[in-house]
Structures are given as C-alpha cells and as structure tokens.
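Q: Encoded as structure tokens, here's the structure I'll be asking about.
Rule-based calculations on the coordinates, nothing more; no lab input. Not measured: the values here are computed from a predicted model. All Cβ positions, even for glycine, are placed from backbone atoms using ideal geometry, and neighbour counts span all protein chains on display.
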Amino acid sequence: MNVRRPFTIPSKWTLLIFGALSVACFSLSVIVFNLPRQISYAKQIPTAMNQAIIISGETQKTQAVPDLPVRLKIPSIHVDATLEHVGLNILGEVGVPKGPTNAAWFNLSARPGEIGSAILVGHFGRWKNGIPTVFNHLDALKKGDQIFVEDQKGSVITFIVRDTRTYSASENVPEVFGVNDDHSHLNLITCEGIWNRILKRYPKRLVVFADKQ
C-alpha cells in the first residue's frame, strides 16, 4: 500500500507543501500544520449562538454561520460525494477521507459559505483494486465551473471556479489558507503527477480556487 504525507506550515503564516505521503491516501496529499497553540481564525470560528462577529474599526457586523457541510457536488466532473469532517491528528496532520470516494472538510478552516477559505481535501489516483478516487478529474475543472456544497439542513451553497494552480511539493503557498478579504472562498486540494515508486509520493499538488456565487 502506498504511503504518503501532506502539506505543512513551518511558521504561523507560511504554508509549505512537501512531498512525504500519508497512510490512508493511496493518492491524496495530507496537509500537515506546525501551528501555534492558538490559530488566528477569528473570522472563521462560529460563536455559541451560531453567528460570527466581525469587527472592523468601530463597525461591527454579524454574519450568520452556515451549517456543517455534508455533501459535495461538481457536475462537470461527475462528483457527488459525502463530506467527512477532519481535523488535526496528534502529529499535526490534517486528516484525510477514510475511503476513496468521499471528500473531507478541514474543520479548522471556514465552513463553506462563511467568510474565509473553506478547505476540502480528497484522494487522487487509483485505490487498491483499481477503484477510482473522488478527485481523479479535479484537473479538468475550468474557470466558471460550478461547485455545490450542501449542508446538514439541506441548503446548497454555490461556488464558481476562479483558478486552478499546480504547486511543487516543496513550494510555499500562503494563498491556499491565508486569504482574508471578507469574502467566502472554497479551495479543493489533491495531489497531481505520476506516482514516484522510489520516493513513494506524488511530485505536485493541485489546488482549485472557487468563490461563493
């Protein structure tokens, strides 16, 4: 079974994608964070009243926080997947979906539809027994394609693909997690390239950037 490891943040504001691979992922990169004890996600973490408070100067704006995401649909590449919820494990790694056909929402990022960047991860390549994985065709997405995220109450939030970028495994990519522009974004992350049997990893990372419609 192929073993792989993910993305890492060597400091509070810098994201480093590196090439080791994670266990559950025949084909997806896991995201590893070396985060400080307190993460500065003030605009992304809901309050107990299901609201986010955003303060700018002397003005205060209350934003209703979307419910938890449960399903991802991308019609143009025939994705209709259950969304698992993953956080950081004891090694500081972002979890990955348990199986090849689910995607996962990183629960320390914004909820889809909330101000900030919501992060979804999914496997790439062929699973054991040749089962195709959820983000096999993520590279086929183009600007203007629609992405739908359904929450636990049945509400659907629409995102429009803005850009697709490929990064090397060791490249710094602060824009993947660090955008803070009072808008709602959705970033989909997976691996890309040809599996290196010697290094047991994929050489590239693919990120699709989308914005709330």
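Q: Taking a ≥ b ≥ c as the square roots of the Cα gyration tensor eigenvalues, with a/c under 1.5 meaning rounded and otherwise prolate when a/b beats b/c, else oblate, which class fits region 123-169?
A: Here region 123-169 falls in the oblate category.
Q: Going by how many other beta carbons lie within 10 Å of each one, how would you line up 77, 194, 119, 189, fewest first?
A: Working: 77 15, 194 9, 119 25, 189 29.
The order, fewest Cβ neighbours first, is 194, 77, 119, 189.
Q: Taking 8 Å as the Cα distance limit and 6 or more residues as the minimum spacing, I'd like the relative contact order of region 93-208 as a percentage. Walk me through the numbers on the way to the answer.
A: Details: 226 pairs, mean separation 31.2, N = 116.
So the answer I get is 27 percent.
Q: How would 143, 73, 212 line up from fewest to most surrounding beta-carbon atoms within 10 angstrom?
A: 143, 73, 212
Q: Which length gain, in nm to one decimal place, applies between residue 73 and residue 90 when the Cα-Cα distance is subtracted from 0.36 nm times their residue separation?
A: 3.1 nm
Q: Starting from one equal scatterer on each C-alpha and no solvent at all, send me the Debye-based log10 I(q)/I(0) for region 58-193 at q = 0.09, 0.12, 0.15, 0.18 Å⁻¹, two decimals.
A: -0.27, -0.48, -0.75, -1.10
Q: Under a Cβ-Cβ cut-off of 13 Å, what is the net charge of the residues other than residue 71 that fall near it, where Lys and Arg count +1 and Asp and Glu count -1?
A: Around residue 71, the charge tally is -3.
Q: Within 10 Å of each residue's Cβ, count the other Cβ atoms and sort 198, 115, 147 from fewest upward.
A: 198, 115, 147
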